[in-house]
Each structure stands twice: as C-alpha cells, then as structure tokens.
Amino acid sequence: MTISFQLNGKPQMVDIADGNTPLLWVVRDMLDHKGTKFGCGKAACGACTLLIDGEAVRSCSYAVKFAEGKSVTTIEGLGTHENPHPVQQAWIEEIVPQCGYCQPGFMMATAAFLEKNPTPTDEDIDNNIINVCRCGTYYRMRKAIHRAAQIKAESANPTNS
C-alpha cells in the first residue's frame, strides 16, 4: 500500500504493508524524523504528539493510512534554528525542559492549542494541555505557553509591542 502525504511541507510517499501501522513508526523509522517520541504506545502521555492538518494528534495510535493526502508537521517542521516558532522560542526563553524527552509533544500540543485559544488562562492550559511530564516541569511550561501567546500576539501586531 502506498500512502502519500506532506511531511513538514514536503511531499512523501511511503510503501507499507500494513496501513494500520502507527504514523509514529513511519515518521521515526521510515522517514527518520526522530523528534517525535514514543512514550506509552496508548495515546495517554502525548510524547508522540504531532500536527495533522493543524490538529494535535497522538501519532502512536493514528494509523498511517489516515494520513493519506494530509499535512503532517513534526517538531522538526514547526520552526527553524534561525526562525523558531513562538512556542519553541518561549520554551527556550523559559528554560522549560529538564530531561526534555516529552517536550516535543508538549510543544506540538501547545502550537495547536494556541491557534484555537490565543490568550489562554492557567485554567485553559491545565484543561487542554494534558500531556504527561515525569520531571514535573508543568509550572515552567505554563509560563512558556503564556510567553508563546505573547510572542504570537506581538508578531501579529508589531506596532503594539
């Protein structure tokens, strides 16, 4: 079976025997994008979160066949070293990671969340960013999410910054 989709803005075609293979394994093992992490394998922890057509999806439980014709974005495609996405910039400024393993999933979930809620409250963040961090960096992540919202707002309206 051949599956075609965009990965970080570039067309991809993968030949795979089983269309039910989790997208996570296709992205990591076949397409060599290692930023998306394996955590639990049950869509519970969020380490594998990436964006599909702008929506946060836990790729460990998302069959690759459903990616056909869609746009998939991994942490590698969110921003660049020279031009980081506001979420990546905020994560750096707030020195969020401790071990860092879960952080790509948190950043991807946050990027999708801020598109829907550009000015979240702490309660909004707590109710919507439900990934799991064993190191407990939730306080720093919440600060970074607020900072990312601020960066996005400033870039959308640079005259008011």
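All of the numbers you see were taken from the coordinates with simple rules; none came from a lab. What you see is a predicted model, and the numbers here were worked out from it, not measured in a lab. Here the Cβ positions follow ideal geometry from the backbone for every residue, glycine too, while neighbour counts run over all protein chains shown.
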- [ ] Compute the length gained on full extension between ASP53 and THR80: take 0.36 nm times their separation in residues and subtract their Cα-Cα distance, giving the result in nm to one decimal.
- [x] 7.8 nm
TODO: Restrict the search to region 1-91; then list the trypsin sites (Lys or Arg not before Pro) that DSSP places in a loop and that have at most 10 other Cβ atoms within 10 Å of their Cβ.
DONE: LYS42
TODO: Find how much the distance from ASP124 to ALA17 grows on full extension, using 0.36 nm per residue of separation minus their present alpha carbon separation; answer in nm with one decimal.
DONE: 34.4 nm
Open item on the list: With +1 on the Cβ of every Lys and Arg and -1 on the Cβ of every Asp and Glu, and nothing else charged, how large is the dipole of the chain about its Cα centre, in debye rounded to the nearest 20?
Closed with: 300
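Lysine pairs in region 9-161 with Cα distance under 17 Å, only those 8 or more apart or on different chains: how many are there?
Details: LYS10/LYS34; LYS10/LYS70; LYS116/LYS152; LYS143/LYS152.
The result is 4.
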Task: From phi via Karplus (6.51, -1.76, 1.60), per-residue ³J(HN,Hα) for region 133-143 in Hz, x at Gly/Pro - done: 10, 5, 7, x, 8, 4, 4, 5, 5, 4, 4
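Just want to confirm a number: the relative contact order over region 1-71, from Cα pairs under 8 angstrom separated by 6+ residues, in percent. Before the final figure, lay out the partial values.
Numbers: 120 pairs, mean separation 26.4, N = 71.
That works out to 37 percent.
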